[in-house]
Every structure is written in structure tokens, then in C-alpha cells.
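A short worksheet on the structure shown next.
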Amino acid sequence: GQQVMQIPQYQHVQEGEDFTTYCNSSTTLSNIQWYKQRPGGHPVFLIQLVKSGEVKKQKRLTFQFGEAKKNSSLHITATQTTDVGTYFCAGRGNNAGNMLTFGGGTRLMVKP
Amino acid sequence: NAGVTQTPKFRVLKTGQSMTLLCAQDMNHEYMYWYRQDPGMGLRLIHYSVGEGTTAKGEVPDGYNVSRLKKQNFLLGLESAAPSQTSVYFCASSYFETSGFYEQYFGPGTRLTVT
């Protein structure tokens with residue numbers, strides 16, 4: 001079945017440093033979504049990417065969808081302590097109906 | 001609007017006991033989902049429903065049953081709990097659109113421990 005891998009699993013950064021998490025799918029995706037989960041909280045939707053090569057920005061966050069629609073990345077510029085949490089990508093395969101496959105997540109820790 | 005709510009928030013079960021987790025949404029969403037979250041493994045889909053009276057298996061359905069008798073509620077049942085079912089369980093719901101866009105809204109989670 002479809003697999004979605006995320007790296008790294010953990011990342012410690014100093015406040016102000018940049019951060020990137022990468023997501024790779026074993027199959028071509030029709031779309032990919034990103035979620036953020038704060039410690040002790042529940043996943044909250046951030047964004048969806050649909051088009052090949054698509055790039056979207058939300059303030060300091062930049063999301064990319066690969067040309068082959070099999071990989072994606074989330075880049076945070078100048079991290080802040082409020083960025084702490086686990087970031088998940090979730091992909092929907094072309095024949096997956098309405099099911100999302102989540103990556104294992106990248107846990108971001110920011111030192112003030 | 002309360003969004004997606006889950007009861008209970010915490011539960012400790014002994015091996016072999018049964019229980020039902022309740023999920024309710026007030027957003028009139030067609031789709032509802034049950035996930036489990038284990039450390040380092042992200043969210044894995046247990047069962048989902050595309051509408052009242054319909055359910056389907058997800059990635060890890062064994063040991064669980066579900067029912068969707070009302071559009072706003074989605075129940076997850078454990079008939080005979082096992083320690084391997086110790087996890088955090090999240091319910092989610094979403095709209096359906098022909099374009100395929102469907103952001104999922106998650107409940108606060110239920111932390112279940114099976115001893």
C-alpha cells in the first residue's frame with residue numbers, strides 16, 4: 001500500500017534558525033496536506049497542495065509540492081518558540097478514495 | 001460551534017474489557033474518521049465513514065468496530081481490549097467536494113491505556 005515517509009523525525013533548532021521537513025511518498029499523490037500538532041494537542045490543518053511544482057507561503061512558512069507529485073517540503077524561516085510542535089504531511093493517492101496517509105511527523109523543538 | 005468532540009478524554013481498561021469511544025461533530029460533515037496515534041508512527045486510519053449508515057476499513061481495522069447511525073456521530077468500539085491498543089485515538093471529520101478538497105477537522109483525542 002501507499003507509504004509516506006517524513007524526515008527528520010526530530011529537529012532541535014535555536015530560535016531564529018531555519019527549519020525544513022521533507023515528505024516522500026511511495027506513489028504519486030493527487031494532493032498533499034500539512035498539519036501541525038502542538039504538544040498535547042490535536043492536528044490542525046495548515047495547507048493543501050494540488051498542482052505539480054506548486055509553492056505556497058503562509059508568513060514564515062513555505063510549502064512545496066514536487067514536480068512528480070511524490071514529495072513535498074515545509075520550510076520555516078527564522079523559527080520562533082511558537083513554532084514548536086509536530087508537523088505532519090498527509091497524502092491522498094490517485095486511487096485512494098477519500099483516505100489520507102499520514103507521514104510519521106517531524107517534531108520541532110526550538111531553544112529560546 | 002463545538003466542532004469535533006470526543007468522549008471520554010482518558011480511559012484505563014484491563015485486558016479483555018470492552019468500551020466505546022464517541023465522536024460528535026456539529027459541522028454537518030459527510031465524512032468521519034477514526035485514527036490512532038502512536039509515538040513515531042504518525043496517524044493511522046482505523047475506520048472511516050462517507051455518510052450515515054456506511055463504514056469502511058482503513059489501514060489498521062483489526063480489533064475495532066464502528067457505527068454511524070446518525071450523521072453527526074461516529075462510534076469506535078473495542079470488543080476485547082489488548083495492551084497493543086494502548087494509544088491516543090483521534091476522530092476527524094470533513095466535507096466532501098467533487099474537487100477532492102477535504103481538510104480534516106480533528107477532535108481533542110482520547111488517551112486509552114490497556115493494562
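The values are calculated or read from the model by the stated rules, or taken from the named source; none is laboratory data. It should be emphasised that the depicted structure is a prediction, and the values quoted were computed from it without experimental measurement. Note that we place each Cβ from the backbone using ideal geometry, even for glycine, and neighbour counts take in every protein chain shown. These area figures cover heavy atoms from the full protein model, side chains too; ligands, DNA and RNA do not enter into them. Shrake-Rupley method; radii C 1.70, N 1.55, O 1.52, S 1.80 Å.
Observations on the structure shown:
- Cross-link reach list, lysines versus residue A:57, counting only Cα pairs under 16 Å and skipping chain neighbours closer than eight places: A:36
- Protein accessible area in region A:50-112, 1.4 Å probe - carbon and sulfur %: 48 percent
- Residues residue A:81 and residue B:71, FRET efficiency given R0 of 35 Å [Cβ-Cβ distance, rounded to 0.05]: 0.30
- Database remark: amide H of residue B:102 closer than 5 angstrom to no amide H (H placed geometrically; neighbours at sequence offset of 5 or more, or on other chains; Pro and chain starts carry no H).
- Taking 26 Å as the limit for the C-alpha separation, the pairs A:51/B:71; B:9/B:70; A:51/B:57; A:69/B:9 exceed it in the case of A:51/B:71; A:51/B:57; A:69/B:9.
- Pairing chains A and B buries close to 1700 square angstrom of accessible surface in total, based on protein heavy atoms and a 1.4 angstrom probe.
- For the set A:21, B:54, A:86, solvent exposure ranked by accessible area (probe 1.4 Å, protein chains only) runs largest to smallest as B:54, A:86, A:21.
- Accessible area expressed per residue, chain B, with surrounding protein chains retained (probe 1.4 Å, Å²): 48 Å²
- Computed across chain A, the Kirkwood hydrodynamic radius from all distinct Cα-Cα pairs reaches 14.0 Å.
- In order along region B:50-55, the phi-based Karplus estimate (6.51 cos²θ - 1.76 cosθ + 1.60, θ = phi - 60°) of 3J(HN,Hα) comes to 9, x, 3, x, 10, 9 Hz; Gly and Pro are listed as x.
- Exposed loop sites here mean trypsin sites (Lys or Arg not before Pro) with a DSSP loop assignment and at most 15 other beta-carbon atoms within 10 Å; chain A contains its longest site-free run at A:61-112.
- Computed over the protein assembly as shown, the ratio Rg/Rh where both radii use C-alpha atoms and Rh is Kirkwood: 0.97
- Ligands, DNA and RNA left out, the 1.4 Å accessible surface of chain B is 53% carbon and sulfur atoms.
- Qualifying aspartates and glutamates (Cα of each under 15 Å from Cα of residue A:56; at least 8 residues distant if same chain): A:67
- Separation of alpha-carbon centers, region B:73-115 and region B:1-40, rounded to whole Å: 5 Å
- Across region B:20-34, rounded Karplus estimates of 3J(HN,Hα) from the backbone phi angles (6.51 cos²θ - 1.76 cosθ + 1.60, θ = phi - 60°) give 10, 9, 10, 10, 9, 10, 10, 9, 6, 6, 6, 9, 9, 9, 10 Hz, Gly and Pro being marked x.
- Exposure of residue B:79 as accessible area (Å², to 10), given a probe of 1.4 Å and all protein chains: 140 Å²
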